[in-house]
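Visitor: Before I ask anything, let me first share the structure, which is written out below as structure tokens.
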Amino acid sequence: MSAGWDGALDWLRTSPLFLVTLTVVVYALGCRLRDRSGGHPLAQPVLVGVVVVGAVVVALDVDVAAYVDATQVVSFFLGPATVALAVPLHRQWHRLRAVVVPLLVAVLVGAVVSVTSASLVARALGADELLQRTLAPKATTAPVAIALSETLGGIAPLSAALAIVAGTLGAVAGPHLMTWLRLRDPRVRGVALGSVSHGIGTARLLHDSEVEGAFCGLAMGLTALATSLVLPVLAALLF
């Protein structure tokens, strides 16, 4: 009996079928919870997924590398999903034309502020230079954060984790914070959240408003580009 139980556990720890199914089902449950709760800030599918899947991975003692390998098919579809963000943006082209220059300036300034503030706050709290380099690309998407962190000499996996945390916190608190600050223009709201919360924030805003989601997706891409351009210059000044 014990041997059979151990065999089942070994299968669960390594089976791509189980791990992919777990990921997709938990995310779907997160979407349902969000809808049933009326869009409660804490009922975000990504947050629900991270908590539940993380708990299962820890409970079953699943090797993280094995989980990543098993769920490559999910990661593969992130590429087409990102490209598909161009569809809602195309529908909002008439709104975009009037704000191209302010948007580009805002994203560039936001990238500079994000990198600089992360480094200076970390330094003020006693963080060493390695952690400052790791924190610098937190506002970009996880793949870009990994590449930039490796270039800077930071800890790439930690940079990816920080990017996910930043995105999740932005998706949870960002829309309500902007409402509290009386930011009503959907273009402004989208650019603001996309500049700090990348894909996770974009998924949140696309559910709430197509206009906000379209501008959020655009800001996500532009922020990754702007951060890649300004980070080497800022690194020479900050580190």
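Visitor: Failed condition for residue 184, given (1) under 9 Å from the mean Cα position of the chain (by Cα); (2) part of a loop (DSSP other than H, G, I, E, B), with all others met?
Guide: The one condition residue 184 does not meet is (1).
Visitor: Under 6 Å between Cβ atoms, which residue pairs at least 6 apart in sequence (or on different chains) link something in the stretch 34-49 that is at positive phi with a partner that is part of a helix (DSSP H, G or I)?
Guide: none
Visitor: Also: Does any residue of the stretch 117-125 turn out to be of a type in the set (Ser, Thr, Tyr), at pLDDT 85 or above and closer than 23 Å to residue 47 by Cβ?
Guide: The initial filter retains those residues of the stretch 117-125 that are of a type in the set (Ser, Thr, Tyr), namely 117, 119.
Cutting the leftovers down to at pLDDT 85 or above gives us 117, 119.
Next, only the ones that are closer than 23 Å to residue 47 by Cβ stay: none.
Looking through the stretch 117-125, none of the residues is of a type in the set (Ser, Thr, Tyr), at pLDDT 85 or above and closer than 23 Å to residue 47 by Cβ.
Visitor: Which pairs turn up if I take residues in the stretch 111-124 that are not assigned by TED's automatic domain parsing to the domain that holds residue 198 and look for partners that are among the charged types (D, E, K, R) and surrounded by 15 or more Cβ atoms within 10 Å (Cβ to Cβ) with beta carbon separation below 9 Å, at least 6 apart in sequence or on another chain?
Guide: none
Visitor: Which numbered condition trips up residue 197, out of (1) under 27 Å from residue 97 (Cβ atoms); (2) assigned to a loop (DSSP other than H, G, I, E, B)?
Guide: (2)
Visitor: How about the stretch 198-239: which of its residues are of a type in the set (S, T, N, Q) and either at pLDDT 85 or above or in contact with a Ser or Thr (Cβ under 7 Å, 6 or more places away or on another chain) (or both)? Let's see the steps before the verdict.
Guide: Initially, the stretch 198-239 is screened for residues of a type in the set (S, T, N, Q), giving 202, 209, 223, 227-228.
Across the stretch 198-239, the qualifying residues are 223, 227, 228.
Visitor: Follow-up question, since we're still on this one. Quick one: is residue 179 among the polar types (S, T, N, Q), in the same structural domain as residue 141 (by TED's automatic domain parsing) and at pLDDT 85 or above?
Guide: Details: among the polar types (S, T, N, Q): yes; in the same structural domain as residue 141 (by TED's automatic domain parsing): yes; at pLDDT 85 or above: yes.
When the stated conditions are applied, residue 179 passes them.
Visitor: A follow-up question, please. Check the stretch 80-96 and report whether any residue there is crowded, with 18+ Cβ neighbours inside 10 Å and at pLDDT 85 or above.
Guide: Our first condition is that a residue be crowded, with 18+ Cβ neighbours inside 10 Å; within the stretch 80-96, this holds for 85, 88-89, 92.
This time we only want the ones that are at pLDDT 85 or above, so: none.
No: zero hits.
Visitor: Let me ask something else. Assuming residue 190 fulfils every condition listed in (1) crowded, with 24+ Cβ neighbours inside 10 Å; (2) more than 23 Å from residue 84 (Cα to Cα); (3) in contact with a Phe, Trp or Tyr (Cβ under 6 Å, 6 or more places away or on another chain); (4) not aliphatic (A, V, I, L, M) apart from one, which condition is it?
Guide: The single condition residue 190 does not satisfy is (2).
Visitor: Being hydrophobic (A, V, I, L, M, F, W, C), at negative phi, within 19 Å of the chain's Cα centre (by Cα) and surrounded by 15 or more Cβ atoms within 10 Å (Cβ to Cβ) narrows it down to one of 118, 70, 127, so name that one.
Guide: On the way: 70 fails: within 19 Å of the chain's Cα centre (by Cα); 127 fails: within 19 Å of the chain's Cα centre (by Cα).
Step by step, each of 118, 70, 127 is checked, and only 118 is hydrophobic (A, V, I, L, M, F, W, C), at negative phi, within 19 Å of the chain's Cα centre (by Cα) and surrounded by 15 or more Cβ atoms within 10 Å (Cβ to Cβ).
Visitor: Has the stretch 207-215 got at least one residue that is outside any helix (DSSP H, G or I), of a type outside the set (Asp, Glu) and outside the structural domain of residue 64 (by TED's automatic domain parsing)? Steps first, answer last, please.
Guide: So in the stretch 207-215, the residues outside any helix (DSSP H, G or I) come out as 209.
Retained after the next criterion (residues that are of a type outside the set (Asp, Glu)): 209.
Retained after the next criterion (residues that are outside the structural domain of residue 64 (by TED's automatic domain parsing)): 209.
Scanning the stretch 207-215, I find at least one residue that is outside any helix (DSSP H, G or I), of a type outside the set (Asp, Glu) and outside the structural domain of residue 64 (by TED's automatic domain parsing), so the answer is yes.
Visitor: Just to verify a result, which residue in the stretch 130-146, among those that are touching a residue at least 60 places away in the same chain (Cβ under 8 Å) and part of a helix (DSSP H, G or I), is surrounded by the most Cβ atoms within 10 Å (Cβ to Cβ)? Full working, then the answer.
Guide: Narrowing the stretch 130-146 to residues touching a residue at least 60 places away in the same chain (Cβ under 8 Å): 132-133, 136-137, 139-141, 144.
Next, only the ones that are part of a helix (DSSP H, G or I) stay: 132-133, 144.
Working: 132: 21, 133: 24, 144: 22.
Within the stretch 130-146, the match that is surrounded by the most Cβ atoms within 10 Å (Cβ to Cβ) is 133.
Visitor: All but one of (1) of a type outside the set (Lys, Arg); (2) under 17 Å from the mean Cα position of the chain (by Cα); (3) within 30 Å of residue 10 (Cβ to Cβ); (4) at pLDDT 85 or above hold for residue 77; which doesn't?
Guide: Of the numbered conditions (1) of a type outside the set (Lys, Arg); (2) under 17 Å from the mean Cα position of the chain (by Cα); (3) within 30 Å of residue 10 (Cβ to Cβ); (4) at pLDDT 85 or above, the odd one out for residue 77 is (4).
Visitor: Report yes if residue 187 is touching a Cys at 6+ places or on another chain (Cβ under 9 Å), of a type in the set (Lys, Arg) and touching a residue at least 24 places away in the same chain (Cβ under 8 Å), otherwise no. If you could, list the steps in order and put the result at the bottom.
Guide: Values: touching a Cys at 6+ places or on another chain (Cβ under 9 Å): no; of a type in the set (Lys, Arg): yes; touching a residue at least 24 places away in the same chain (Cβ under 8 Å): yes.
No; evaluated as a whole, the condition is false for this residue.
Visitor: Out of 165, 172, 211, 121, I need the residue that is closer than 23 Å to residue 104 by Cα and of a type in the set (A, V, I, L, M). Which one? So that I can check it myself, show each step before the final result.
Guide: Working: 165 fails: closer than 23 Å to residue 104 by Cα; 172 fails: closer than 23 Å to residue 104 by Cα; 121 fails: closer than 23 Å to residue 104 by Cα.
Step by step, each of 165, 172, 211, 121 is checked, and only 211 is closer than 23 Å to residue 104 by Cα and of a type in the set (A, V, I, L, M).
Results for (1) under 13 Å from residue 219 (Cα atoms); (2) in contact with a helix residue (DSSP H, G or I) (Cβ under 7 Å, 6 or more places away or on another chain); (3) touching a residue at least 12 places away in the same chain (Cβ under 8 Å), shown as yes or no for each residue.
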residue	(1), (2), (3)
160	no, yes, yes
163	no, yes, yes
175	no, yes, yes
182	no, no, no
195	yes, yes, yes
201	yes, yes, yes
205	yes, yes, yes
208	no, yes, yes
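The values are calculated or read from the model by the stated rules, or taken from the named source; none is laboratory data. Just so you know, these numbers come straight off a predicted model, no measurement behind them. FYI the Cβ positions are ideal-geometry reconstructions off the backbone, even for glycines, and counts take in every protein chain you see.
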